[in-house]
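Working notes for the structure below.
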Amino acid sequence: MVADGSAIHPLDDREEILVRALQPVLRELQRRMNDDLNREHGLTHTEYLVLMHLSESRDGRIAVSDLAGDCHQSVSAVSRTIGRLEQEGLIRREPCTSDGRSVRAVLTADGLVRLQAAWPTHLRSVRVNFLDHLAGIDIELLAGAFTAMARGADPP
């Protein structure tokens, strides 16, 4: 029993295998996508995500704090990423007009070109390293479960 009085149920063999596979697969997926993007385009996966989110925004601008949330990174981590991309001329920073304390990242024309060049590599990496391994699995159901877990929702 746990403090709230509920029972703890041991993992069955299948559950144990799944739980133990989770951390290594997440690490390996990140490493492979980083390697593919870095080898072919000099970008990390996080840098790619920053460029991608900026390209999908209404005007190519996103507040750094919002971008951190979009990329599932801390503000300081995404700020360091922005600094690297800014040095390469792929993005620039500007003050938010609505809030003088905030900063927005802005996608440059060079950043869009670099993102477009990296997109096929990223797509191939996602397919080969992730999606191709999910044959026979209900992807919509899996995506729903992942989304619920990421939001901290209670299981159904």
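Observations, loosely collected:
- Calculated [222 nm] ellipticity per residue, helices only, for the chain: -20000 deg cm²/dmol; basis is -39500 (n - 2.57) per DSSP H run with n ≥ 4, divided by all residues, nearest 500.
- Residues E15 and S55, FRET efficiency given R0 of 30 Å [Cβ-Cβ distance, rounded to 0.05]: 0.15
- Volume per residue of the C-alpha convex hull in the chain, rounded to whole Å³: 170
- A straight chain from I139 to R151 at 0.36 nm per residue would run longer than the Cα-Cα distance by 2.5 nm.
- Between the Cα long axis of helix 75-87 and the first principal axis of the chain there is an angle of about 40°, rounded to the nearest 10.
- When only Cα pairs below 8 angstrom with a gap of at least 6 residues are kept, segment 9-156 shows a relative contact order of 22 percent.
- C-alpha long axis of helix 139-151 to longest principal axis of the chain, angle in °: 80
- Principal-axis tilt of helix 45-56 within the chain, Cα atoms, nearest 10 degrees: 70
Readers should treat all values here as calculations from the given coordinates under stated rules, not as data from a laboratory. Here the structure is a predicted model, which means the values were calculated and not measured. Neighbour counts are summed over all protein chains in view; Cβ atoms, including those assigned to glycine, are modelled from backbone coordinates with ideal geometry.
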